[in-house]
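In what follows, a structure is listed as structure tokens, so that the remarks can point back to it.
The values are calculated or read from the model by the stated rules, or taken from the named source; none is laboratory data. These figures come from a predicted structure and were not determined experimentally. Here Cβ is always computed from backbone atoms with ideal geometry, including for glycine, and neighbour counts include all displayed protein chains. Just the protein is used for accessible areas: all its heavy atoms, side chains included, with ligands, DNA and RNA removed. Shrake-Rupley method; radii C 1.70, N 1.55, O 1.52, S 1.80 Å.
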Amino acid sequence: MTDQTQNQMESAAVDSFEQREQRIKKLNDLVDAGENPFGEAVAGLQSTAQTLEKFESVEAPEGEETPVLEAKIAGRLTAMRVMGKSIFADIKDERGRLQIYVQKNQLGERFAEFKNMDMGDILWVSGTVFRTRMGEITIKVHEFGLLSKSLRPLPEKWHGLTDIEQRYRQRYLDLIGNDEVRDVFRMRTQVVWEIRRFLNERGFMEVETPMLQSIPGGAAARPFETFYNALDCPMYLRIAPELYLKRLLVGGFERVYEINRNFRNEGLDRRHNPEFTMIEIYEAYSDCAGMMELVEEMITTVAERVFGTLQFKLGEDQVVNLKRPWRRATYADLIRERMGDDWSDLNLAAQREKAREAGLDVTDDMDAVEVTHEVYEKLIERTLIQPTFVTRLPAALVPLAKKCVDAPEVVDVFELEICGQEIAPGYSELNDPVEQRRRFEAQAAKTSGTVEEMSGKMDEDFLVALEHGMPPAGGMGMGIDRLLMLLTGAPSIRDVILFPQMRPER
């Protein structure tokens, strides 16, 4: 941080302190005068958007140029231009902005009260709607009331916060100042709503499963640990809902989904937040191919319903095209394309050496599967910009999926890659309880002594459920946050999460 920047920040802090002191004085003056600076509920309000739309649709009386329309709105004061005995100001609500016009001869003694308002104050106004000579639809104020006195000034640059960290820490200021940010989260709500609509129309049932679990399962990840005093035992925030949703397949529900919050005690970066939103879907009597069709249709349907297009801009010069059908490529073929046709014929030492030559940090304790997957994650995944289903992954990577009938060393799964990141994995789900126990035992042995040990422990209750019989099924999970990054062009996962995790301020 330069001395100039430091001085600017200190100066802004002083200005903000002085403004707050001035506003507190105004607050005390209002209280002393018997006024309520934090008003009550207001009836009969309409939004700025409704007011504008209604004015455009109302016809003027015969012989008149302007329709007769009364309006009552509420919102935040975001601009004020004093012109002697008149004031033009802006009121902003959730749906937009509307200009208001205040005259001393209309308000009388209360004109000075309005003039004493501060930027950021929340108020209601009512009056007659008209169009100015400049063509702007405006409310001529007859009455007004203060609903909430703002004691702190809004960001000085009204076009919005520009400091990235401040935007994430004080999202409320980001939402006040940046209309495009509000639009992103409005679109997020629409996307989730359309996902629900898509699945509900196809007979899926939305369910809820526990977020506190005695054994966190369904993924290999480090869990967050807590303690349940009433039961005197440790508990874990879930890393995935998979094992509980499969219990519902055993119980006879054939099409279920859950839009869920998961928690993984891992790092933060552009694509990862420790608390994130996923949807997991399971369908009895389906398989990996059925899940590929489902997710492909779901994403394209939602994109067209919410955004009206299947083409989305990535950066300055790249476009992602979601038009179906999407590419399908096997994991092994992608490895061969990058590392050569002889990759699978090389011994482990030669694979490690070739990976190092490609710039990878490969250690001598990594086995062949781990070395190959390092190649995939570091050299291949980021190149898969257009929608690609990567299929037939090594069985050791996916302990909850069925093996391929023609090649038991791989499993019948897909990873959907778009924009160089995984959006959704899906499986032909393993429903053999004997094989599932064997794989759990192998996973538990592999994670023993590591921070991921808890997620590798066997869930005996789940195995008992499987022994009662689970129908063959397809299952998939999709990261809602990453999907939103794609559809909105957001460069970071923090841009599509209202309150992303941040390091505490010192």
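Given the residues VAL390, VAL411, VAL362, which is the only one that is out of contact with any strand residue (DSSP E or B) (no Cβ under 6 Å at 6 or more places or on another chain), at negative phi, open to solvent by less than 20 Å² (accessible area, probe 1.4 Å) and not in a helix (DSSP H, G or I)? Reasoning before the result, please.
Working: VAL390 fails: out of contact with any strand residue (DSSP E or B) (no Cβ under 6 Å at 6 or more places or on another chain); VAL411 fails: out of contact with any strand residue (DSSP E or B) (no Cβ under 6 Å at 6 or more places or on another chain).
That would be VAL362, the only listed residue that is out of contact with any strand residue (DSSP E or B) (no Cβ under 6 Å at 6 or more places or on another chain), at negative phi, open to solvent by less than 20 Å² (accessible area, probe 1.4 Å) and not in a helix (DSSP H, G or I).
So which of GLN443, GLN436, GLN501 is over 24 Å from LYS403 (Cα atoms) and of a type in the set (S, T, N, Q)? Please lay out each step first, then the result.
Values: GLN443 fails: over 24 Å from LYS403 (Cα atoms); GLN436 fails: over 24 Å from LYS403 (Cα atoms).
Result: GLN501 is the single residue among GLN443, GLN436, GLN501 that is over 24 Å from LYS403 (Cα atoms) and of a type in the set (S, T, N, Q).
Okay, residues lined up against (1) farther than 30 Å from ARG437 by Cβ; (2) free of Cβ contacts under 8 Å to residues at least 40 places away in the same chain; (3) among the acidic types (Asp, Glu); (4) touching a Pro at 6+ places or on another chain (Cβ under 7 Å):
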residue	(1), (2), (3), (4)
ARG328	yes, no, no, no
LEU334	yes, no, no, no
LEU346	yes, yes, no, no
ASP364	yes, yes, yes, no
TYR376	no, no, no, no
VAL405	no, yes, no, no
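For the range 32-49, the set of residues classified as farther than 11 Å from TRP124 by Cβ and open to solvent by 80 Å² or more (accessible area, probe 1.4 Å) consists of ASP32, GLU35, PHE38, listed by residue number.
Does ARG382 meet the test of being under 22 Å from GLY477 (Cβ atoms) and in contact (Cβ under 8 Å) with a residue 60 or more places away in the chain? No. Which residue is farthest from ALA445 (Cα to Cα), if the candidates are limited to the range 218-236 and must be open to solvent by less than 50 Å² (accessible area, probe 1.4 Å) and of a type in the set (A, V, I, L, M)? Among residues in the range 218-236 that are open to solvent by less than 50 Å² (accessible area, probe 1.4 Å) and of a type in the set (A, V, I, L, M), the one farthest from ALA445 (Cα to Cα) is MET235. Here the strands (runs of 3 or more DSSP E) wholly within the range 63-140 that include at least 1 residues being of a type in the set (Ser, Thr, Tyr) and either open to solvent by 70 Å² or more (accessible area, probe 1.4 Å) or closer than 21 Å to VAL42 by Cα (or both) are 70-83, 96-103, 122-131. Of the residues contained in the range 323-343, none is found to be of a type in the set (Ser, Thr, Tyr), open to solvent by 50 Å² or more (accessible area, probe 1.4 Å) and touching a helix residue (DSSP H, G or I) at 6+ places or on another chain (Cβ under 9 Å).
Evaluate the following for ARG238: is it farther than 20 Å from PRO274 by Cβ and not aromatic (Phe, Trp, Tyr)? Even if it seems obvious, please write down each step before you answer.
On the way: farther than 20 Å from PRO274 by Cβ: no; not aromatic (Phe, Trp, Tyr): yes.
In short, no.
Beta carbons closer than 7 Å, at least 6 apart along the sequence or on distinct chains, pair a first residue in the range 66-94 that is under 17 Å from GLN106 (Cα atoms) with a second that is open to solvent by 30 Å² or more (accessible area, probe 1.4 Å) and assigned to a loop (DSSP other than H, G, I, E, B) for ALA71/GLN46; LYS72/GLY44; LYS72/LEU45; LYS72/GLN46.
Can you tell me how many residues within the range 28-42 are in a helix (DSSP H, G or I) and either in contact with a Cys (Cβ under 6 Å, 6 or more places away or on another chain) or under 15 Å from SER150 (Cα atoms) (or both)?
Residues in the range 28-42 being in a helix (DSSP H, G or I) and either in contact with a Cys (Cβ under 6 Å, 6 or more places away or on another chain) or under 15 Å from SER150 (Cα atoms) (or both): 4 in total.
Of everything in the range 194-212, what is part of a loop (DSSP other than H, G, I, E, B) and more than 30 Å from ASN229 (Cα to Cα)? Give them in sequence order. Within the range 194-212, ARG202, GLY203, PHE204 qualify. A single member of ILE164, ILE215, ILE195 is hydrophobic (A, V, I, L, M, F, W, C), at pLDDT below 95 and open to solvent by less than 80 Å² (accessible area, probe 1.4 Å), and it is ILE215.
Would you call THR277 open to solvent by less than 60 Å² (accessible area, probe 1.4 Å), without any contact (Cβ under 8 Å) to a residue 12 or more places away in the chain and more than 25 Å from VAL375 (Cα to Cα)? Steps first, answer last, please.
Details: open to solvent by less than 60 Å² (accessible area, probe 1.4 Å): yes; without any contact (Cβ under 8 Å) to a residue 12 or more places away in the chain: no; more than 25 Å from VAL375 (Cα to Cα): yes.
So THR277 fails the test.
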